[in-house]
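The values are calculated or read from the model by the stated rules, or taken from the named source; none is laboratory data. These numbers were taken from a predicted model, which means no experiment stands behind them. Every residue, glycine among them, receives a Cβ derived from its backbone with ideal geometry; neighbour counts consider all protein chains shown. These area figures cover heavy atoms from the full protein model, side chains too; ligands, DNA and RNA do not enter into them. Shrake-Rupley method; radii C 1.70, N 1.55, O 1.52, S 1.80 Å.
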Amino acid sequence: MFPFCRKKTLQEAGIFEGMTDWHSHILPGVDDGFKSLEDSLAVLDMYQEAGIREVWLTPHVMEDIPNTTDGLRQRFDELRKAYRGRVILRLAAEYMLDTLFEDRLDRDDLLPIGQEGRHLLVETSCFNPPANMLAILTGIKSRGYYPVLAHPERYVYMGMQDYSLLSDSGVKFQLNLGSLAGMYGSQAAKKAVRLLRNGYYDITGTDLHRTGQLGHLLDTPCADRITCRMLTSGNFLKI
């Protein structure tokens, strides 16, 4: 009835134009993300149409999904050879802070994220932290890496004081755009907006697992002008 009051979608607000997607599960057949090469190629065409410039493929590495570095590199080479579009493809991984990760860290058998190759995208259970979480994060930094915590807004056990302590200790934060779209519930959405407005986020990503999720993100209304402005301000860290 009042079209002039309609909120801009994330795509209309220019959030995806020239964007780097720092977190995705597009690499096919390696985790709970995309299953086929054809589907991965199709969504990369959607990325290009949306204006996304670069995407980091960050498959899970955890005790339940024990991907190897060599295996992921081989699969990435297959995708890169098959892809003919303009989106820049990069390979890293999303590491669960578990025993397998500690072993990989000890052996420096890792796929870091970022152009300098010194950042590690890490996650925990959404409900409980590992008992030795702070020790693991300290171990990451002692080996010359910088931890980047994936989707911190989704961790129900964390409050603002926890985020402040982690940020002050040098941990960087990655925002899931899907959290702003309500894909993980209202509490994650509220925390994402609060963390964003308080300047905690360093990079953004889709955490894309399915093609339909991208369409949903593109069509998501921007919560408010402040959120839109902060997402398009260019203030995010280039790691």
Subject >> Compactness of segment 50-91 as Cα Rg over 2.2 N^0.38 Å, two decimals >> reply: 1.32
Original post:
Distance in nm between label sites at THR138 and GLU49, each 7 Å beyond Cα in the beta-carbon direction?
Top reply: 5.1
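So if I take the alpha carbon set of segment 24-109, get Rg, then get Rh from the Kirkwood formula, what is the Rg over Rh ratio?
Working: Rg = 13.5 Å, Rh = 13.4 Å.
So for segment 24-109, dividing Rg by the Kirkwood Rh gives 1.00.
What does the extension gain come out to for GLU17 and THR68, with contour length at 0.36 nm per residue minus their alpha carbon separation? Before the final figure, lay out the partial values.
On the way: separation 51, 0.36 × 51 = 18.36 nm, distance 3.30 nm.
Taking GLU17 through THR68 to full extension adds about 15.1 nm, to one decimal.
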Original post:
Using alpha carbon centroids, what distance separates segment 146-167 and segment 110-137, in Å?
Top reply: 11
Original post:
Where the only charges are on Cβ atoms (+1 Lys, Arg; -1 Asp, Glu), what is the dipole of the chain about its Cα centre, to the nearest 20 debye?
Top reply: 940
**OP:** Work out the FRET efficiency for LYS8 and ASP39 from their Cβ-Cβ distance, taking R0 = 35 Å, and round it to the nearest 0.05.
**Re:** 0.75
Original post:
Any idea which of TRP56, LEU177, GLY212 is furthest toward the positive side of the dipole for the chain, if Lys and Arg beta-carbons carry +1 and Asp and Glu beta-carbons -1?
Top reply: LEU177
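Before rounding to the nearest 500, sum -39500 (n - 2.57) across all DSSP H runs of length at least 4 in the chain and divide by the residue total; then give [θ] at 222 nm in deg cm²/dmol. It would help to have the intermediate numbers written out before the result.
On the way: 9 runs with 87 residues, N = 239.
So the calculated ellipticity at 222 nm is -10500 deg cm²/dmol.
Starting from the alpha-carbon convex hull of segment 139-239, give the projected area averaged over all orientations, in nm².
Seen from a random direction, the Cα hull of segment 139-239 projects 7.0 nm² on average.
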Original post:
Reachable lysines from LYS81, Cα under 29 Å, same-chain residues fewer than 8 places away excluded?
Top reply: LYS35, LYS238
Subject >> Kirkwood hydrodynamic radius of the chain, Cα pairs, Å >> reply: 18.2
Subject >> For segment 92-180, projected area of the alpha-carbon convex hull averaged over all directions, nm² >> reply: 5.8
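Once neighbouring chains are kept in place and the probe is 1.4 Å, which whole percent of the accessible area of the chain is contributed by carbon and sulfur?
So the carbon and sulfur contribution to the accessible surface is 50 percent.
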**OP:** Over the chain, average the accessible area per residue using a 1.4 Å probe and give it in Å², no decimals.
**Re:** 48
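As a test, work out the antiparallel percent of DSSP beta bridges whose residues both lie in the chain, rounded to the nearest 5. All intermediate terms of the calculation are to be shown ahead of the outcome.
Values: 3 of 26 bridges.
DSSP beta bridges in the chain are roughly 10 percent antiparallel.
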